[in-house]
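The values are calculated or read from the model by the stated rules, or taken from the named source; none is laboratory data. As the structure is a prediction and not an experimental result, all values here were calculated from the model. So basically every Cβ, Gly included, is an ideal-geometry build from the backbone, and we count neighbours across all protein chains shown.
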Amino acid sequence: MLIPINAGDQFVTLSKSITSPFPKLSKRITKREKAKLNDWLQTNAILEAVRQGNDFAKGMFECLDVRNWSTADGESVHQFLFGAKYVNGHIGDLKYMGSVVSELQLNANSNTTELDPLIAWAFT
């Protein structure tokens, strides 16, 4: 079941950090709206890389162009932030619920969630 994502929602990342609030998007998805979403993803990926001290990932994410976003860009950012299970972008079950972390979040971000072994070397 897909859980809707609303403006202001925050999400628990793979490293148990909390993202910045999700941007307000109109129902009509335009290039400008996609760029806003991509900018949110890019910003959070850069912040996550800084928190982890991962200069390689930080440099890689800083070079992404939010207006010329490829499928690979989206998948790599989602995998870095939320794990391989969420490369499809369905992150609704990772919503941060205030000071109480839901059972879904504990299960979703448990140690069983790992990076794809083919690219994990780049993020360590």
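Remarks
Yes/no per residue for (1) at pLDDT below 90; (2) more than 19 Å from Leu2 (Cα to Cα); (3) part of a loop (DSSP other than H, G, I, E, B); (4) hydroxyl-bearing (Ser, Thr, Tyr):
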| residue | (1), (2), (3), (4) |
| --- | --- |
| Ser20 | no, yes, yes, yes |
| Leu37 | no, no, no, no |
| Leu47 | no, yes, no, no |
| Phe80 | no, yes, no, no |
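- Condition met for Leu25 (at pLDDT below 90 and not in a helix (DSSP H, G or I)): yes
- Selection within region 62-74 - more than 21 Å from Asp9 (Cβ to Cβ) and surrounded by 12 or more Cβ atoms within 10 Å (Cβ to Cβ): Leu64, Asp73
- For region 18-62, a residue qualifies if it is of a type in the set (A, V, I, L, M) and in contact with a strand residue (DSSP E or B) (Cβ under 7 Å, 6 or more places away or on another chain), and exactly one does: Ile18.
- Restricting region 20-58 to residues that are in contact with a Lys or Arg (Cβ under 8 Å, 6 or more places away or on another chain) and surrounded by fewer than 17 Cβ atoms within 10 Å (Cβ to Cβ), the residue that is nearest to Met97 (Cα to Cα) is Pro23.
- Among residues that are among the acidic types (Asp, Glu) and under 18 Å from Lys36 (Cβ atoms), Asp65 is included.
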